[in-house]
Amino acid sequence: MIKTTKIIFIGLICLFMVGMVISRQDVELPDDMSKFSHVNTLAVPDEESPIHGIHQFYLNEKGMEVFTSDKEGKKYPDGTIFFGRVYKVVKTDEGWIKEGDLVAVTYMRKESDSEAVQNTGGWRFVMFNPDGSVKDIDPQKACFHCHKPHEKSDFVISTPLQK
Ligand code: HEC
């Protein structure tokens, strides 16, 4: 009896670990950019900031209607993807600021029914290396504490560009 319990227990642990690996691997950077539009840019020259860099944000078609609406209390549909290409901040001799090498890509995908993302507002927060591999981060600590106060806009901070 004890043996059976042990086997079941080990089996469960294995399943859990496989689940963790799968959930980590089932995200990848979009390769079809025709479904994405640039929505805004953020430049953080302060090297001490956790989000130091020049960020170019993109959004897929799925989330565009909600993003551009001026309704209070937004809710993005599942499958909405925002991602931000993060570039080095380069100060030129003229004193201008321009983007350097790509250093990372930040990514949010709405999956409201996924258990794994309930403590990050129904969004999967991921950070990619420039080669597309997933960085090992804790989405709560590394990302969500900044996005959390923006509950009214479904934890999205960006606002549409002025026309
Ligand atoms: C220091 C606060 C802070 C942290 C930490 C942070 N973000 Fe953000 N994030 C922002 C701000 C501010 C914006 C909006 C920028 C703008 O308005 O252009 C943003 C925007 C985004 C966007 C575009 C959609 C949106 O909400 O506007 C994505 C995607 C994103 N962040 C992902 C991440 C990921 C992934 C992490 C963790 C690796 C992370 N962020 C950590 C502050 C933060």
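Which of the residues spanning the stretch 45-89 are out of contact with any strand residue (DSSP E or B) (no Cβ under 6 Å at 6 or more places or on another chain) and closer than 17 Å to PHE125 by Cα?
PRO50, GLY63, LYS75, PRO77, GLY79
Return the total of residues in the stretch 145-159 being assigned to a loop (DSSP other than H, G, I, E, B) and under 15 Å from PHE83 (Cα atoms). Break it down into steps so the answer makes sense when it comes.
Applying the first criterion (assigned to a loop (DSSP other than H, G, I, E, B)) to the stretch 145-159 yields 148-150, 154-159.
Keeping just the survivors that are under 15 Å from PHE83 (Cα atoms) gives 155-159.
Looking only at that region, the number is 5.
Do we have THR106 as within 19 Å of LEU59 (Cβ to Cβ), within 14 Å of the ligand (Cβ to nearest atom), touching a strand residue (DSSP E or B) at 6+ places or on another chain (Cβ under 6 Å) and β-branched (Val, Ile, Thr) here? Write out each step before concluding.
Values: within 19 Å of LEU59 (Cβ to Cβ): yes; within 14 Å of the ligand (Cβ to nearest atom): yes; touching a strand residue (DSSP E or B) at 6+ places or on another chain (Cβ under 6 Å): yes; β-branched (Val, Ile, Thr): yes.
Yes: the conditions hold for THR106.
Which residue is surrounded by the fewest Cβ atoms within 10 Å (Cβ to Cβ), if the candidates are limited to the stretch 149-163 and must be within 13 Å of the chain's Cα centre (by Cα) and in contact (Cβ under 8 Å) with a residue 12 or more places away in the chain? Reasoning before the result, please.
Just the residues of the stretch 149-163 that are within 13 Å of the chain's Cα centre (by Cα), to begin with: 155-158.
Still in the running and in contact (Cβ under 8 Å) with a residue 12 or more places away in the chain: 155-156, 158.
On the way: PHE155: 22, VAL156: 23, SER158: 17.
Checking each candidate, the answer is SER158.
Across the stretch 154-163, what is the total count of residues that are of a type in the set (S, T, N, Q) and near the ligand (Cβ under 10 Å from one of its atoms)? Break it down into steps so the answer makes sense when it comes.
The initial filter retains those residues of the stretch 154-163 that are of a type in the set (S, T, N, Q), namely 158-159, 162.
Subset that is near the ligand (Cβ under 10 Å from one of its atoms): 158-159.
Selection size over the stretch 154-163: 2.
If you take the residues in the stretch 42-84 that are over 19 Å from CYS143 (Cβ atoms) and hydroxyl-bearing (Ser, Thr, Tyr), which one is farthest from the ligand (Cβ to nearest atom)?
Ranking the qualifying residues of the stretch 42-84, first place goes to SER69.
Please enumerate the residues belonging to the stretch 112-124 that are within 11 Å of the ligand (Cβ to nearest atom) and more than 11 Å from the chain's Cα centre (by Cα).
Initially, the stretch 112-124 is screened for residues within 11 Å of the ligand (Cβ to nearest atom), giving 120-121, 123-124.
Residue satisfying the conditions is GLY121 alone.
Determine which member of the set THR80, THR92, THR106 is more than 26 Å from ASP32 (Cα to Cα) and either at pLDDT 95 or above or aromatic (Phe, Trp, Tyr) (or both).
On the way: THR80 fails: more than 26 Å from ASP32 (Cα to Cα); THR106 fails: more than 26 Å from ASP32 (Cα to Cα).
Just a single option satisfies the conditions, and that option is THR92.
Could you check the stretch 37-54 and list, in sequence order, the residues that are crowded, with 19+ Cβ neighbours inside 10 Å and within 14 Å of THR159 (Cα to Cα)?
Start the filter on the stretch 37-54 by keeping residues that are crowded, with 19+ Cβ neighbours inside 10 Å, which leaves 39, 53-54.
Hit for the stretch 37-54 is VAL39, nothing else.
Name every residue in the stretch 52-92 that is within 13 Å of the chain's Cα centre (by Cα) and of a type in the set (Val, Ile, Thr), in order of residue number.
Those that are within 13 Å of the chain's Cα centre (by Cα) and of a type in the set (Val, Ile, Thr): THR80, ILE81, VAL86.
For (1) of a type outside the set (Gly, Ala, Ser); (2) farther than 17 Å from TYR76 by Cα; (3) more than 9 Å from the ligand (Cβ to nearest atom), each residue gets a yes or a no:
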| position | (1), (2), (3) |
| --- | --- |
| LYS88 | yes, yes, yes |
| LYS110 | yes, no, yes |
| VAL126 | yes, yes, no |
| VAL134 | yes, yes, yes |
| CYS143 | yes, yes, no |
| LYS152 | yes, no, yes |
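The values are calculated or read from the model by the stated rules, or taken from the named source; none is laboratory data. From a predicted model like this one, the values you see are computed outputs, not experimental measurements. No Cβ is skipped: glycine too gets one built from the backbone with ideal geometry, and neighbour counts run over all protein chains shown.
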